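Just so you know, all these numbers are worked out from the coordinates, no wet-lab data involved. Computed from a predicted structure; not experimentally measured. Note that we place each Cβ from the backbone using ideal geometry, even for glycine, and neighbour counts take in every protein chain shown.
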Amino acid sequence: MTQPAHVPPVRSSNEADGTRRRPGRGYALAAGILGAGIPAGLLWWLLAPGGQNLISGDSALSSGTNSQGWLPRDLVLAGLFVFAGCLVAVLLSGRRDGGTRRLLLLSVAASAAAAVLAWRTGVLAGIWLGGPQDTSANASVAFSLRSLTVLVLWPAAVAAGFFVLRIIGLLRASVDRDPESNSADSHTWQ
C-alpha cells in the first residue's frame, strides 16, 4: 500500500523566497507619508510670499494685498509637492521587494491625503502665525492656495516617478541579462 503524498502548505509569493510578509509594513510607510504633510505645510508658509517669505525676501511680496505674490505662493507649494512625490517614488522603488501594486496605491492615496494636510497646515500657520489680514476685497489676501489643482501634484509625482524608475530598472535588468546582444547593437551604432 502506498502512502499519500505530502502536500506542502500554501504560502504567499513573499514566503516562497523565505521572507515573511509583515502586514503592517505598508501602513507604516503610508503613515510616514501622511505625517510629512505637516512639515511640508509649515515649510510652505515659511518660504512662500504672504508667509515668512524666506525665498524672495522681497518686502513688497510679503503683504497679501499684492496680487503679484499669489502665483509664487502657489508655485512654492507646487515645487514642494513635486519634490515630496519624487522622494516617495524613489523610496518606494528602492525597496527590497521592488514596491508592489498595493503599496503603490497606498502611497498615492497617502500622498493625496498628505497634500491636503499640507495645504491646511500652511493655511492654519498663516492664520496663527501671520498678521491679521483684511480679506473683504479678496479671500486670497490671507495666506491661501488659489489653485486647488496643485494638490494633485504630490500623488501624481509619486505615480509618474515610480513608473519612470520601474522602466529604468527593467531596462537595466534586460541589459544585464543579455550583454551579448547589447554589444552587437553597440557595434552597429559606432
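Basic side chains Lys and Arg get +1 at the Cβ, acidic Asp and Glu get -1 at the Cβ, and with that the dipole of region 26-178 about its Cα centre reaches some 520 debye.
Here the peptides 59-68, 114-123 are ranked by packing, the mean other Cβ count within 10 Å, and the order with the highest first is 114-123, 59-68. In plain terms, if you count all Cα to Cα distances in region 26-178 and split them into 5 Å steps from zero, the share in each step is 2, 10, 18, 19, 14, 11, 9, 7, 5, 3, 1, 1, 0, 0 percent. For the pair residue 25 and residue 172, the difference between a 0.36 nm per residue extended length and the Cα-Cα distance amounts to 50.2 nm. Sequentially through region 121-138, phi angles give Karplus couplings (6.51, -1.76, 1.60; θ = phi - 60°) of 5, x, 5, 5, 5, x, 6, 6, 9, x, x, x, 10, 8, 9, 5, 6, 7 Hz, Gly and Pro residues having no value and appearing as x.
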